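See below for the structure under consideration.
The values are calculated or read from the model by the stated rules, or taken from the named source; none is laboratory data. The structure presented is a predicted model; accordingly, all values stated were derived computationally and were not measured. Virtual Cβ from ideal backbone geometry, glycine too; neighbours counted across all protein chains shown.
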Amino acid sequence: MNRNKIRFFAVVAIILLMILVLMIYAVSNSAFNFKGNTLKQKSKTGLGYVRTGRTEFKAPDVFFLGNFTANMATNDPAGKFVVVEIRLKMSDKDMAQELKDKNIRLRDAVIDEMSLKRFSEVATEKGKLAMKENIRERLNGIVQEGQIEEVYFTKFIIQ
C-alpha cells in the first residue's frame, strides 16, 4: 500500500471516531430520560437551573376542581373553545369532602358558565374576573357547608 492510501484511511478513521464520540456525548447529555422516555425540562430560576415539572401546591384551604374544556357561545367567530384549570379557595378546609362528593355537579356548573361566554367577553381581564365571580356564585349555590371564597384559574387558554 502506498502512503497516500494509508493517510486517507487514517483520516477517515479519525473522522469516524470523532463523529462517534460526538454522538455518544450528545446522547448522554440530551434532555431525554431513557428509563421513562420523558423529557427533563429545565428552566432558569435565580442563579442556576432547576428541573421544572408539575409542582403541586398543597394549601389546606385550596381545592383542585380540575381541568375544563368547553365550547364557547356559538355566535362568536373569534374563539371556539376555552380550556381552564380551576382551584377553589374554601372558607373551611373541612369543605373538601363535600366538594369531592359534589364534584360532578360542580363541574357541570362550571362548564355551563363557561359555555355561555363569548371570546370577546373573556378576552379581557375584566371579563375573566366576571367569569370567576359567576362561577363562584354558581358553586356557592351548590355547596352547603362553608363558602367558596375565591376561584383561581391556574391555566386559561382560548382557541
Output for the stretch 101-138, where each listed residue is within 19 Å of P60 (Cα to Cα) and either touching a Ser or Thr at 6+ places or on another chain (Cβ under 7 Å) or surrounded by 13 or more Cβ atoms within 10 Å (Cβ to Cβ) (or both): K102, N103, R136
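Does S43 qualify as being modelled with pLDDT of 55 or more and more than 22 Å from E121 (Cβ to Cβ)? Step through it out loud before you land on a result.
Values: modelled with pLDDT of 55 or more: no; more than 22 Å from E121 (Cβ to Cβ): yes.
In short, no.
Please tell me if R7 is on the phi < 0 side of the Ramachandran plot, at pLDDT below 60 and surrounded by fewer than 11 Cβ atoms within 10 Å (Cβ to Cβ).
So R7 fails the test.
So which residues in the stretch 106-156 are under 16 Å from A96 (Cβ atoms) and in a helix (DSSP H, G or I)?
From the stretch 106-156, those under 16 Å from A96 (Cβ atoms) are 106-107, 139-140, 142-152; that's our starting set.
Answer for the stretch 106-156, where residues must be under 16 Å from A96 (Cβ atoms) and in a helix (DSSP H, G or I): L106, R107, L139, N140, I142.
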Any hit, the stretch 90-103, residues being modelled with pLDDT of 85 or more, outside any loop (DSSP other than H, G, I, E, B) and either under 17 Å from M131 (Cβ atoms) or small (G, A, S) (or both): yes
Cβ pairs under 8 Å, 6+ apart, first in the stretch 17-31 and at pLDDT below 90, second hydrophobic (A, V, I, L, M, F, W, C): A31/L39
